[in-house]
1. Just for segment B:154-196: of the residues that are within 22 Å of the chain's Cα centre (by Cα) and open to solvent by 30 Å² or more (accessible area, probe 1.4 Å), which one is nearest to the other protein chains (Cβ to nearest Cβ)?
2. If I filter segment B:52-66 for residues that are in contact with a helix residue (DSSP H, G or I) (Cβ under 7 Å, 6 or more places away or on another chain) and open to solvent by 20 Å² or more (accessible area, probe 1.4 Å), do I get at least one hit?
3. Return the residues of segment B:75-86 that are outside any strand (DSSP E or B) and either of a type in the set (A, V, I, L, M) or open to solvent by less than 40 Å² (accessible area, probe 1.4 Å) (or both); say none if nothing qualifies.
4. Restricting attention to segment B:122-148, and to residues there that are open to solvent by 20 Å² or more (accessible area, probe 1.4 Å) and touching a helix residue (DSSP H, G or I) at 6+ places or on another chain (Cβ under 9 Å), which single residue is farthest from B:Ile216 (Cα to Cα)?
5. I'd like the full set of residues that are open to solvent by less than 30 Å² (accessible area, probe 1.4 Å), more than 17 Å from A:Ile20 (Cα to Cα) and touching an Asp or Glu at 6+ places or on another chain (Cβ under 9 Å), limited to segment A:182-219.
6. Just one of the numbered conditions (1) closer than 27 Å to A:Gly193 by Cβ; (2) surrounded by fewer than 18 Cβ atoms within 10 Å (Cβ to Cβ) is not true of A:Ala66; which one?
7. Just give me the residues in segment A:43-63 being within 14 Å of chain B (Cβ to nearest Cβ), surrounded by fewer than 24 Cβ atoms within 10 Å (Cβ to Cβ) and in a loop (DSSP other than H, G, I, E, B), in sequence order.
8. Of these, A:Tyr75, A:Tyr40, which one is buried (at least 18 other Cβ atoms within 10 Å of the Cβ), more than 13 Å from every other protein chain (Cβ to nearest Cβ) and of a type in the set (Phe, Trp, Tyr)?
Amino acid sequence: MKYGFFSDVHANLEALKACIIDFRSEKLDKLYFLGDAVGYGPNPDECVKLIDEIAEVNLMGNHDYAALGLMETEYFNQYAAESMGWTKSSISEKTMEIMSDFELTHVIDRILLVHSSPREPENWHYILDMEDAEENFDFFKEKICLLGHTHRPYIVYKSESEEAILSKETEVTIEEEYRYLVNIGSVGQPRDGDPRSCYLIYDSDTGAIKLKRVQYDVKSTQMVMAKIGLPEYLIDRLAVGR
Amino acid sequence: MPEIIVKYEDKVIEKFITEKKRVTIGRTPDNDIILDNRGVSRRHAQVEFGENQAVIIDNESLNGTFVNSSRISEEVLKDKDAITIGKYTLIYHVNAEKSGNPFEADGTMVLQTKKQRELLAKDERNRQLLADAGSSVLLGEAGAEFDQFAINRNVVTIGKSSLANVKAKGFFLSGIQAKIVLEEEGFWIVNLGKKGKTKINGEEIDRYMLRNDDIIQVGKSVYRFIENRL
């Protein structure tokens, strides 16, 4: 079985469409969405509808949660809060209805899916360094934990007795003695210096996991954002992937 | 023009439409609204109409005046508020409805103090409950996993999801079916998930400002909203 996992679309329809074409060419059997369908980007309704159509399971991200009016945006940065204001005012009732069914966590085939962190999924913590990663291994029992939230992909693995190790590769084969914590990156707003969309492929027959990059038309998204009047900083960062 | 509909055991006995600045309610014939019953004081209460609002004032009546099931001494009336005096219910409307027969009953009354006692006992229980919780409260009725839930935050989520603060049951219910949000005027309930799964007093709602004693139904779970007025 070949699984595709994608996250943090952030209402970037161009990026999502490019990824869907890639999902098809990779002949993925099942797709899972790890949260943050909306926020920052210009096409929340279209993205939520598409994601709901293609994914087996949708997870709740903090931006989706905020868009439903379930949390204050006071700890969002200025730009995130500004775009959230626009998102809340523009999304349809149908979109709200779909998002209200997003799940907090989900387990498939010895894999835990969560948007932010296995430690406290509902508190949207960020795993920003190896110390955070190491600590979070104690909060899941599955072989693999996949997450998004920080928009920076990585593969970390850990054995029972040793410290966690950050993989230098973007493709690894699952080994018996390790457990894995993998950030699958972001479709709609990568922040690791590579502006291309990122998602994860897992082949349960071979045990291979692979972070896949996909080129999309950044300029198209930027033009729609400018038309709406979304913050310039959010428009500019797409081109540099920061 | 404001209107007060006088009901006796769910039967409309009078529709009182007025331009007066003050409407008195009591047992004796010199009142504007006469409630001919011994459970009602001679000068039981009055409604004062100001520029933009109406206020009901209880004249230290023996058996009390209730607005949406809470005993009050003075209370600003909102549209469709239910005022209970003795076994009468008076529904306040900011603007009179046009249709309807103003006289539907013959006005013969039977003294009945049981309802009065029940209301007083319930009001006392609610006061104790609110004092303990320090906030508005949801009481679990059918299909609820708690007896009471203190609404001590700005947003309370209701649904099937592990993210929901209040877990509701029912087929095809959304993960987060509804939210109760504190806004300036009070608590609102908003249906977020599938249509028609959130009902207040039996009616489907999208968005509704909660009043004391409202019955909230989300899927198969039922809660009673007790508003903190302290």
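1. Selected residue: B:Asn154.
2. Checking segment B:52-66: at least one residue is in contact with a helix residue (DSSP H, G or I) (Cβ under 7 Å, 6 or more places away or on another chain) and open to solvent by 20 Å² or more (accessible area, probe 1.4 Å).
3. Within segment B:75-86, B:Asp81, B:Gly86 meet the criteria.
4. So the residue we want is B:Gln148.
5. Those that are open to solvent by less than 30 Å² (accessible area, probe 1.4 Å), more than 17 Å from A:Ile20 (Cα to Cα) and touching an Asp or Glu at 6+ places or on another chain (Cβ under 9 Å): A:Gly207, A:Ala208, A:Ile209.
6. (2)
7. Once the filter is applied, which keeps residues that are within 14 Å of chain B (Cβ to nearest Cβ), surrounded by fewer than 24 Cβ atoms within 10 Å (Cβ to Cβ) and in a loop (DSSP other than H, G, I, E, B), segment A:43-63 yields nothing.
8. A:Tyr40
The values are calculated or read from the model by the stated rules, or taken from the named source; none is laboratory data. Quick caveat, the model's predicted, so the values are computed rather than measured. A quick note on method: Cβ atoms are made from the backbone with ideal geometry, for glycine too, and the neighbour counts reach across all protein chains shown. Side chains included, ligands, DNA and RNA excluded: accessible areas come from the protein's heavy atoms. Shrake-Rupley method; radii C 1.70, N 1.55, O 1.52, S 1.80 Å.
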